[in-house]
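The values are calculated or read from the model by the stated rules, or taken from the named source; none is laboratory data. Note that the structure is a prediction, hence the values are computed from the model and not measured. Here Cβ is always computed from backbone atoms with ideal geometry, including for glycine, and neighbour counts include all displayed protein chains. Accessible surface is based on the protein model in full, side chains and every heavy atom, while ligands, DNA and RNA are left aside. Shrake-Rupley method; radii C 1.70, N 1.55, O 1.52, S 1.80 Å.
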Amino acid sequence: MRLLISLRIITNKIWRDLIMLQCKNVTKKYMKMTAVNGVSIDFMPGRIYALLGSNGSGKTTLMKMIAGLVKPTSGDITLSGVPIGVETKKHIAYMPTESYFYNYMSCADIGKYYADFFEDFSLDQYYNYLNEMKLTPDMKASKMSSGMMAKLKLAVNLSRNASVIMLDEPLNGVDIVAREQVINAVISKASPDKIIIMSSHLVDELEAVIDYAVFIKDGVIVSQGDAENLRTASGMSIVDQYKRIYAY
Ligand SMILES: Nc1ncnc2c1ncn2[C@@H]1O[C@H](COP(=O)(O)OP(=O)(O)OP(=O)(O)O)[C@@H](O)[C@H]1O
């Protein structure tokens, strides 16, 4: 029995190590402008991460590099030891800030499209998320408000069984009541084999949900750590740390 338990612990550890996402000294330059500067983060499964920073601090650029959409100027990003590329892309779901569906598509069409495109997409989960977020299959992308579109993007991305789920500003355009639906949907996706990364300016809403916070300013990480440790060390909530770091 003990041997069995030890074996399970070791197997879990190997699995966890396997899906680790690592950014090592990552820099992205656009001509003379440095958007991300020497960023190193180890993302571990089973945790919800918040990338926090004011406008233009480099959050989206970092996410795009992890998603394989933008190439770092220098540094390494690996998932399970594999450099970001064709192989890693299928394990990473990335929700950008922009809406990216054809206007003529309904929620049902979008579900079918995703089911055809991604092996790990679950139509059942998708319909559950639509239902939870008060969207119906017949709704057309062209007729959606920005809040509805934000929820649709979220439903689509959470319905993938990807190892890494990255949500860029998932609360943008979402009203105060619907924010709870969004947060609950994200929490429902958290599991020991998944890394969830969210960026947001709305730190209040994320405070209770996140396990780990990364503060980025002008492309540089100014503070990062386990949310609880950061609170204990500073004697401040993540919200207050945010205000202190980004005060002008
Ligand atoms: N394609 C690009 N070409 C040139 N500069 C860019 C490009 N993309 C981003 N930048 C610049 O890189 C910096 C970081 O931008 P990024 O979008 O990563 O910030 P962000 O933290 O996501 O900001 P926001 O919260 O406003 O979305 C900004 O100064 C931005 O102008």
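With +1 on each Lys and Arg Cβ and -1 on each Asp and Glu Cβ, and nothing else charged, work out how big the dipole of the chain is about its Cα centre, in Debye to the nearest 20.
520
Pull up all non-local amide H partners of K28: gap of 5 or more, or a different chain, and H-to-H distance under 5 Å with H placed in the peptide plane.
A35, V36, N37, G38, T73
With a 1.4 Å probe and every protein chain kept in, tell me what percent of the accessible surface of the range 2-246 is carbon plus sulfur.
The C+S portion of the solvent-accessible surface of the range 2-246 is 54 percent.
So for F43, F101, what's the accessible-area order with a 1.4 Å probe, most first?
Final ranking, largest accessible area leading: F101, F43.
Any idea what the relative contact order of the range 90-216 is, in percent, if you count C-alpha pairs under 8 Å spaced at least 6 apart?
The value is 29 percent.
What fraction of the DSSP beta bridges in the chain is antiparallel, stated in percent and rounded to the nearest 5?
Rounded to the nearest five, the antiparallel share is 55 percent.
For G58, what is the net charge nearby, where nearby means another residue's Cβ is under 9 Å from its Cβ and Lys, Arg count +1, Asp, Glu -1?
Net of charged neighbours comes to +2.
Quick one: 3J(HN,Hα) in Hz for the range 216-225, Karplus 6.51/-1.76/1.60 with θ = phi - 60°, rounded, Gly and Pro as x.
Karplus-based 3J(HN,Hα) across the range 216-225 equals 10, 9, 6, x, 10, 6, 9, 6, 7, x Hz.
Once every DSSP H run of n ≥ 4 in the chain is given -39500 (n - 2.57) and the sum is divided by its residues, what mean residue ellipticity at 222 nm do you get, rounded to the nearest 500 deg cm²/dmol?
After summing the helix terms and dividing by the residues of the chain, the value is -11500 deg cm²/dmol.
Grab the other residues whose beta carbon is less than 15 angstrom from that of M139, score K and R as +1, D and E as -1, and report the net.
+3
Find the accessible area per residue for the chain; the probe is 1.4 Å, ligands and nucleic acids are left out, and the unit is Å².
51
Taking Cα pairs under 8 Å and at least six residues apart, what relative contact order does the chain come out at, in percent?
Reported as a whole number, the value is 26 percent.
Quick one: among T136, T232, T78, which has the greatest mean-square fluctuation in a GNM of the chain with alpha-carbon springs under 10 angstrom?
Fluctuation is largest for T232.
Name the shape class, rounded, prolate or oblate, that the alpha-carbon gyration tensor gives for the chain, where a ≥ b ≥ c are the square roots of its eigenvalues, rounded holds for a/c under 1.5, and otherwise prolate holds if a/b is larger than b/c and oblate otherwise.
It is rounded, given that a/c, with a ≥ b ≥ c, falls under 1.5.
Which longest uninterrupted range of the chain lacks any GluC sites (Glu not before Pro) assigned by DSSP to a loop state (not H, G, I, E or B) and surrounded by at most 13 other Cβ atoms within 10 Å?
Counting only loop sites that pass the neighbour cut-off, the longest clear stretch is 120-248.
Out of residues 5 or more away from M95 or on other chains, whose amide H comes under 5 Å of its own, with H placed 1.01 Å from N in the peptide plane?
Residues meeting the criterion, in which the H sits 1.01 Å from N, are M166, L167, D168.
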